[in-house]
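Below is one structure, written out as C-alpha cells, with a few remarks after it.
Taken together, the values in this text are just the output of simple stated rules run on the coordinates, not laboratory data. Small disclaimer: the values here were computed from a predicted structure and weren't measured. Ideal geometry is used to build each Cβ from the backbone, glycine not excepted, and the neighbour counts take in all protein chains shown.
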Amino acid sequence: MNDVMGHAAGDLWHYLQIHGQSSVSQIIKNSQLDAKTLQRAIGWLAKEDKLTIVIKGRTELLALKEVN
C-alpha cells in the first residue's frame, strides 16, 4: 500500500509542477487519480511539508510550496 501511495504522491507532485495551483476536482478530472487516492497523496505531501492548501468557500486549492 505504501508503494501505491508513494506513486500517487509523485503523480500529484508532477501534476502540480506542470499545472500549478489546482482544485481537487480539477486534479481528479484531469489526472489518473481517483478521489480516495488523491486524498491520501495530499496527506503524504502535506506530511512532507511540500504542499500549500488554501480553502476558498467549498473549493480546496493545492499548490507546491516554493523552495527557497
Take the eigenvalues of the Cα gyration tensor for the range 1-66, scale each by 5, and report the square roots as semi-axes in whole Å, largest first.
17, 13, 11
L51's amide H: which non-local residues (gap 5+, or another chain) put their own amide H closer than 5 Å, with H modeled 1.01 Å from N in plane and none for Pro or chain starts?
K65
Students often check this: by mean Cβ neighbours within 10 Å, which of 7-14, 42-49 ranks highest, and how do the rest follow?
7-14, 42-49
